[in-house]
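Peer 1: Here you go, one structure.
All of the numbers you see were taken from the coordinates with simple rules; none came from a lab. Everything numeric in this text was worked out from a predicted model, so none of it was measured. Positions of Cβ are generated from backbone atoms using ideal geometry, with glycine treated the same way; all protein chains shown enter the neighbour counts.
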Amino acid sequence: MKILKHFFVSTRRLVEKRPFLKCCLKFIYRLPHREFQEYVARYIPTICVNGKTIITRNISVVTFGQKNPNRVIVLTERDSGSGGFCAEWIYWLNRLCFSEQMGFLHCISWINSQFFVENTMQNVNIFEHYFVQPYGLDVEDVKQSKYVILDKNSIDYGYYDVFAPGRDDDYMITDEDFYKLAQMQKKYIRLEAKIKEEIDRDISQMIGTDKVLAVHARGADAQVHYKNHPIPIGIDRYIEETAKSMALINANKIFLATDDNNILKAFIDKYQESLIYYKDVERSDGMRMSCYGEVEREKHHYRLGKEIVKDVYTLAACEGLVCSSSYVSYMARIVKMASGKTYQTVNNITSTIRTTGMNLTDPFTIKRVEAIWNQELEVAKKER
């Protein structure tokens, strides 16, 4: 079975940049399925009206029941696998762009994740642990509604209309993308009441009237040679760029968000009392993804997500930003823009995107990476 899975992954890599071959393989693979046969039979090509090309979207609408008869609702059901929290967040904004453009309502059901499933909580929808539904719709009501679109990340469903993670153009976000995603954040994403209260209190206590420079320093598993990911920025470079930006906006404090204890220690040594950061946060001491593995603390997986949400909103509350290319820093900029404010400076330290390296779509590669992380966890347990 593993050999077969590896064969399919290798074949997919081979045809990635050959659209015609990719289309042929998908057609052959899906042809036995009745649903696909019906989809092809219903397909409507792009049409021309009065000399103008009209985009035709081939979208399937299903009927679960008789509720909400005057509404078309897009249901996004997500298993994010080993994807990060902010990559998932940006994905929701991408999908909301599509629904708004089409005049549909939207409901998000984040049902599974390697990192953020909290079994001690009654509500299985991870999205609702942190946020309020964009249109106030209940997932169970949607599943009894008359006109429901089961969301798909394809061209017909607007997946390529604005930036989204996991595509060939990963990390290639534009100013126009930031603007569109910020509009969706502003209109539709609202924090769950208790989390909002906690974040507002923490920001008030930590930042107050100080002029604070935000720094998001990505470390930990960024050191793994992932294909199509940015080459990580060194600690010294982060500190150097922080000093420049601090002087530029005349900041007297730094808020640091990082997944790496080594980066945190270096910033503490350098900036001492001028540094503020959240202390009760899970961080990595090596190459382990900070949210990977079990840690003995109450509601650990829920808290992993809450820590990221708090970091994003606190980064957005600062006057300037130092960062590299990462989804956390992207979301900080989106939340800042959604608030109607702008950073005085954004120092985005750019680096080259790796074109070779470990491919995270390959199950064998994932197993090798997780083996390294498990070794680090064992060492950490012994040291405790």
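Peer 1: What does the charge count near residue 44 come to, summing +1 for each Lys or Arg and -1 for each Asp or Glu among other residues with Cβ under 14 Å from its Cβ?
Peer 2: Surrounding charge for residue 44 is 0.
Peer 1: Another question, then. In which sequence would 33, 300 go, from the one with the fewest C-beta neighbours within 10 Å to the one with the most?
Peer 2: 33, 300
Peer 1: Further question: Would you mind putting 369-378, 48-57, 128-137 in packing order, based on average other-beta-carbon counts within 10 Å, highest first? Before the final figure, lay out the partial values.
Peer 2: On the way: 369-378: 14.8, 48-57: 8.3, 128-137: 17.9.
So the order, starting with the most tightly packed, is 128-137, 369-378, 48-57.
Peer 1: What percent does the relative contact order of the range 121-235 come to when contacts are Cα pairs within less than 8 Å and at least six residues apart? Write out the running numbers ahead of the final one.
Peer 2: Values: 46 pairs, mean separation 34.0, N = 115.
Taking the mean separation of contacting Cα pairs over the length of the range 121-235, I get 30 percent.
Peer 1: Sticking with this one: What FRET efficiency do you get for residue 111 and residue 192 if R0 is 22 Å and r is their Cβ-Cβ distance, rounded to the nearest 0.05?
Peer 2: Details: r = 17 Å, r/R0 = 0.79.
Taking R0 as 22 Å, the efficiency between residue 111 and residue 192 is 0.80.
Peer 1: Nearest 5 percent is fine: what portion of the DSSP beta bridges confined to the chain is antiparallel? Please list the in-between numbers first.
Peer 2: Details: 7 of 36 bridges.
Bridges in the chain that DSSP calls antiparallel: roughly 20 percent.
Peer 1: How would you rank 96-105, 189-198, highest first, on the average number of other Cβ atoms within 10 Å across their residues? All intermediate terms of the calculation are to be shown ahead of the outcome.
Peer 2: Values: 96-105: 19.2, 189-198: 14.2.
Packing order, densest peptide first, comes out as 96-105, 189-198.
Peer 1: Only Cα pairs under 8 Å and at least 6 apart count here; give the relative contact order of the chain as a rounded whole percent. Please report the intermediate quantities before stating the final value.
Peer 2: Values: 569 pairs, mean separation 68.2, N = 384.
With pairs under 8 Å counted, the relative contact order is 18 percent.
Peer 1: Please give the contour-minus-distance gain from residue 297 to residue 366: 0.36 nm per residue of separation, less the Cα-Cα distance, rounded to one decimal in nm.
Peer 2: Numbers: separation 69, 0.36 × 69 = 24.84 nm, distance 2.60 nm.
Contour length minus Cα-Cα distance gives 22.2 nm.
Peer 1: Let me ask something else. Go through 274-280, 154-160 and give me the packing order, highest mean Cβ count within 10 Å leading. Don't skip to the answer; put the middle values down first.
Peer 2: Working: 274-280: 13.7, 154-160: 17.1.
Result, highest mean Cβ count within 10 Å first: 154-160, 274-280.
Peer 1: Measure nothing fancy, just the Cα-based angle from helix 85-102's long axis to the longest principal axis of the chain, in degrees from 0 to 90, nearest 10.
Peer 2: So the helix axis and the longest Cα principal axis differ by about 40 degrees.
Peer 1: Using only Cα atoms, tell me the angle between helix 19-30 and the longest principal axis of the chain; keep it within 0 to 90° and round to the nearest 10.
Peer 2: That works out to roughly 70 degrees.
Peer 1: Where does helix 300-316 land angle-wise versus the long Cα axis of the chain, in degrees 0 to 90, nearest 10?
Peer 2: Value to nearest ten degrees: 80.
Peer 1: Is there a pair in 187/227; 306/381; 253/306; 253/310 whose C-alpha atoms are over 26 Å apart, and which pairs would that be?
Peer 2: Over 26 Å apart, Cα to Cα: 187/227.
Peer 1: Under 8 Å for C-alpha pairs, at least 6 residues apart: give me the relative contact order for the range 199-342, rounded to a whole percent. List each step's numbers first, then the result.
Peer 2: On the way: 189 pairs, mean separation 49.8, N = 144.
This gives 35 percent for the range 199-342.
Peer 1: Report the full-extension gain for the segment residue 61 to residue 176: residue separation times 0.36 nm, less the Cα-Cα distance, to one decimal in nm.
Peer 2: Working: separation 115, 0.36 × 115 = 41.40 nm, distance 3.03 nm.
Length gained between residue 61 and residue 176: 38.4 nm.
Peer 1: State the answer as a single residue: which of 261, 373, 309 lies farthest towards the positive end of the charge dipole of the range 257-380, with beta carbon charges of +1 for Lys and Arg and -1 for Asp and Glu, about the Cα centre.
Peer 2: Towards the positive end, the residue furthest out is 309.
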